[in-house]
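Following: one structure in structure tokens, then a few remarks.
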Amino acid sequence: MIVKSLKTVRDYIKFNESQKPKGHFVICPYTNINISNENFRKNLDKINYYLTVKKKQKKSSILCTLIENSLSSAQLMLGIMYSGMIQVPLNIVAGEEQLSYVVNHSAAKIIFVSSKYLNLAKKITANITHDIEIIEINKDSFVDQLEIPSEEIKIDIDQHDPAFLIYTSGTTGKPKGVMLSHSNIIAGGKNVMLSHKINTNDRALCVLPLFHINGAIVTIMGPLVSQSSLVLCERFSVTNFWKFISKFKCTWFSVVPTIISALLNKFSENEINRLDLSSLRFGRTASAALAPETHKKFEEKFKTTMIETMGLTETCAPILSNPLPPGKIKYGSPGIPYGNEVKIVDEKLKDVPRNTIGQICVKGTNVMKEYYKNSEETKKSFIDDWFLTGDLGFMDEENYVFVRGRIKELIIKGGENISPREIDDILYQHPNVVEAAAFAMPCNYYGEKIEAGVVLNKEKSLKENELILHCKKFLGDFKSPSKIHFFNKLPKGPSGKIQRLKIKDLI
């Protein structure tokens, strides 16, 4: 159900209470605490009162959270927005230098931190140039300890007001602050609901961190705008994943390809047959390309539909998704546009014909307002109203997009552009390969040569030459890696995406 008069997080919190007051919104699988829509609204009123009356914060104040996934992190995330303020989720696995930069750049007034990360909060604020208060909280019971307000503190919030300031991972240079409005994040949630046909009876399993756009938008805003519910896990656990789906009757989940690989390699056929997955409608994957072979193996092994999607921080997560059955799923493609427009342009930013590789561009209500305090990067990232994603790909006659990698990751060998994704897909076709990423290395003859980092199934062995010959069979000599590097694990970002450009540092 989409109601046009609902334009802010506050609107949806109140609407959900009016429609399903006793319906569960968020469930903690460790404490078995279920928070209904009615109690969630009451808790957010407590947060609003605490921030405005006790902490003297004003509309559009910027507040950081440094908390693992928990009831407190979810309630603070939405409570800060509900209060007309701006939440900045801090990436708990980022380095201290990056976190210090984010806190300083955002000029945040407060950091809410769980006990587990208190020392980290002290370290990253040691050299901050402005006054900032560190507030230690209990990850499970923070809101329970807050005072019940005697009256509602009313705030005038507009759909265009900023709500969410989330920093990109910054694999090259400083992180960029992506400023998202209420309108943006609600559009992101609606696009999840639209593409996956989420209804009020659905229940998501959230295992991805809320400091990443996927976890925050897909499995928090998606359930919020669809009046459905979620089970919020502190982190992904291969042991608990299917148990929680079974116990809490989850109907869908959102993961990344590295999680899919972990699940594929953990469970035996007997263990799978004992699982009760009768409630499950589908799983979805994003944040990185899903190799077609891995995709097919997962569906076959777990007898579950897997939907590949694509999204960005700047677009409030999803821009593309494969449709649910009976719609057509195209393996190797993150699907078709839902709720926004997508097109492909050449180096001169002109539209290209179908099946021609170019840069993927997107336009819609879900696209960010700006890079915070960075007008130069904002200007460079748009052509008219179209956001330039920096991703290469092509669109076929049925509007399915096929991604060929980041522009900055493109391998240029002997003047020929080679997509590392094309090589990844062939590496994944080998049954012993669990993770793979091709990348460029300097070469005196060709300018760049192709090498790859690979993780093997622990129970299998494979020689470098065998894997190179496997690639040559499908790719020929020119596009095949000249060297394979074997690792126990590949470097990954906070979303679980393999960071191919960092593999060189490990060689």
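Taking a probe of 1.4 angstrom, what is the accessible area of Cys28 in Å², to the nearest 10?
It works out to around 10 Å².
Phe487: net charge of surrounding residues, Cβ under 15 Å, Lys/Arg +1, Asp/Glu -1, itself excluded?
Taking every Cβ under 15 Å from that of Phe487, the sum is +3.
What distance in nm separates the simple spin-label points at Lys460 and Lys379, each placed 7 Å from Cα in the Cβ direction?
Result for the modelled spin labels: 5.2 nm.
May I ask for the distance between the Cα centers of the stretch 34-66 and the stretch 322-374, given as a whole number of Å?
36
Tell me the per residue accessible area of the stretch 190-293 using a 1.4 Å probe; a whole number in Å² is fine.
For the stretch 190-293, the per-residue accessible area is 31 Å².
How about Lys301: which lysines have a C-alpha closer than 18 Å to its C-alpha, ignoring those fewer than 8 places off in the same chain?
Hits, sequence-local ones excluded: Lys243, Lys266.
Rounded to two decimals, what is the ratio between the C-alpha radius of gyration of the stretch 87-142 and 2.2 N^0.38 Å?
This ratio for the stretch 87-142 stands at 1.05.
Would you kindly state how much longer the chain becomes between Glu398 and Ser18 on full extension, computed as 0.36 nm times their sequence separation minus their alpha carbon distance, in nm to one decimal?
Using 0.36 nm per residue and subtracting the Cα-Cα distance, I get 132.7 nm.
Would you list which aspartates and glutamates come within 13 Å of Lys20, measuring only between C-alpha atoms, while excluding same-chain residues fewer than 8 positions from it?
Straight-distance partners of Lys20: Glu38.
So what does Phe478 come to for accessible area, using a 1.4 Å probe and Å² rounded to 10?
Only protein atoms counted, so the area is about 70 Å².
Work through the residues other than Lys139 whose Cβ is under 15 Å from its Cβ and net out their charges, Lys, Arg +1 and Asp, Glu -1.
That works out to -3.
Which residues among the stretch 143-168 fall inside the zone where the amide N is under 20 Å from a point 7 Å beyond the Cα of Val53, along Cα→Cβ?
143-157
How big is the charge dipole of the chain about its Cα centre, in debye rounded to the nearest 20, if each Lys and Arg gets +1 on its Cβ and each Asp and Glu gets -1 on its Cβ?
Computed charge dipole of the chain: roughly 480 debye.
Put Leu475, Leu469 in order of accessible area, largest first, 1.4 Å probe: what do you get?
Leu469, Leu475
With runs of 4+ DSSP H residues as the only contributors, calculate the mean residue ellipticity of the chain at 222 nm using -39,500 (n - 2.57) per run, divided by the residue total and rounded to the nearest 500.
Here the helix-only value at 222 nm equals -8000 deg cm²/dmol.
What do you reckon, how do Glu459, Glu451, Glu96 stack up by accessible area (1.4 Å probe), largest on top?
The residues order as Glu459, Glu96, Glu451, largest area first.
What does the stretch 39-194 give for Rg and for Dmax, in Å, if only its C-alpha atoms count?
Expressed in Å, the Cα Rg and Dmax of the stretch 39-194 come to 15.2, 49.
Collect residues whose amide H, placed 1.01 Å from N in the peptide plane, falls under 5 Å from the amide H of Asn69; neighbours closer than 5 in sequence don't count.
Leu210
Run the accessible area of the stretch 430-478 with a 1.4 Å probe and give the carbon-and-sulfur part as a rounded percent.
48
At Lys328 and Leu506, where each label point lies 7 Å from the Cα along Cα→Cβ, what is the point-to-point distance in nanometres?
Rounded to a tenth, the inter-label distance reads 3.8 nm.
So for the stretch 157-217, averaging the separation of alpha carbon pairs under 8 Å that are six or more residues apart and normalising by length, what relative contact order in percent results?
About 27 percent, as a whole number.
What would the Debye equation give as log₁₀ I(q)/I(0) for the stretch 205-314 at q = 0.13, 0.15 Å⁻¹, counting only Cα atoms as equal point scatterers?
Here the Debye-derived log intensity ratios amount to -0.45, -0.61.
Assuming R0 = 45 Å, what is the FRET efficiency of Arg274 and Phe487, from their Cβ-Cβ distance, to the nearest 0.05?
That pair, Arg274 with Phe487, gives E of 0.85.
Which order do Ile155, Ile33 take when ranked by solvent-accessible area (1.4 Å probe, heavy atoms of all protein chains), largest first?
Per-residue accessible area, sorted high to low, gives Ile33, Ile155.
What figure, in Å² to the nearest 10, do you get for the accessible area of Val352 with a 1.4 Å probe and non-protein molecules left out?
Using a 1.4 Å probe on the heavy atoms, I get roughly 30 Å².
How large is the charge dipole for the stretch 284-340, taken about the Cα centre, if only the Cβ atoms of Lys, Arg (+1) and Asp, Glu (-1) carry charge, to the nearest 20 debye?
Dipole about the Cα centre, nearest 20: 220 debye.
For the ranges 80-88, 312-320, 238-246, what's the packing order if you count other beta-carbon atoms within 10 Å of each residue, average per peptide, and put the highest first?
312-320, 80-88, 238-246
Which value, in debye to the nearest 20, describes the size of the charge dipole of the stretch 358-507 about its Cα centre when Lys and Arg Cβ atoms bear +1, Asp and Glu Cβ atoms bear -1, and nothing else is charged?
Roughly 580 debye, rounded to the nearest 20.
Under the rule of at least 5 residues apart or a separate chain, name every residue whose amide H is placed under 5 Å from the amide H of Ile411.
Those lying under 5 Å, H to H, from Ile411 are Ile418.
For the stretch 104-154, with every protein chain kept in place, what is the accessible area per residue (1.4 Å probe, Å²)?
Computed with neighbouring chains in place, this is 59 Å² per residue.
Quick one: with all protein chains in place, what share of the accessible area of the stretch 1-74 is carbon or sulfur, to the nearest percent (1.4 Å probe)?
Using a 1.4 Å probe with all protein chains present, the stretch 1-74 comes out at 51 percent carbon and sulfur.
How far is it, in nm, from the label point at Lys348 to the one at Asn265 when both lie 7 Å from their Cα along the line to the Cβ?
Placing both labels 7 Å along Cα→Cβ, they lie 4.7 nm apart.
If you take the square roots of the eigenvalues of the alpha-carbon gyration tensor of the stretch 124-258 and sort them as a ≥ b ≥ c, do you get rounded (a/c under 1.5), prolate (a/b over b/c) or oblate?
Because its axes are fairly even, with a/c under 1.5, the stretch 124-258 counts as rounded.
For Asp477, put the label point 7 Å out on the Cα→Cβ axis and report which residues of the stretch 398-421 keep their amide N under 19 Å from it.
Under 19 Å, as judged by backbone N against the label point of Asp477, lie 413-418 of the stretch 398-421.
Roughly speaking, what % of Cα-Cα pairs in the chain are separated by over 38 Å, rounded to a whole number?
Pairs farther apart than 38 Å: 25 percent.
Give the calculated FRET efficiency between Asn34 and Lys369 to the nearest 0.05, with a Förster radius of 35 Å applied to their Cβ-Cβ distance.
Plugging the Cβ-Cβ distance into 1/(1 + (r/R0)^6) gives 0.50.
Past 28 Å, Cα to Cα, is the threshold; run Lys59/Lys492; Lys249/Lys492; Lys122/Lys504; Lys14/Lys122; Lys55/Lys373 against it and keep the listed order.
Check vs 28 Å cut-off fails for Lys59/Lys492; Lys249/Lys492; Lys122/Lys504; Lys14/Lys122.
Tally Lys and Arg at +1 and Asp and Glu at -1 over the other residues with C-beta under 14 Å from the C-beta of Asn184: what net charge comes out?
Once all neighbours under 14 Å are counted, the net charge is -1.
The values are calculated or read from the model by the stated rules, or taken from the named source; none is laboratory data. Model, not experiment: these values are computed from the prediction. Note that we place each Cβ from the backbone using ideal geometry, even for glycine, and neighbour counts take in every protein chain shown. Ligands, DNA and RNA are stripped out before the accessible areas are found, and what is left, the full protein with its side chains, is counted by its heavy atoms. Shrake-Rupley method; radii C 1.70, N 1.55, O 1.52, S 1.80 Å.
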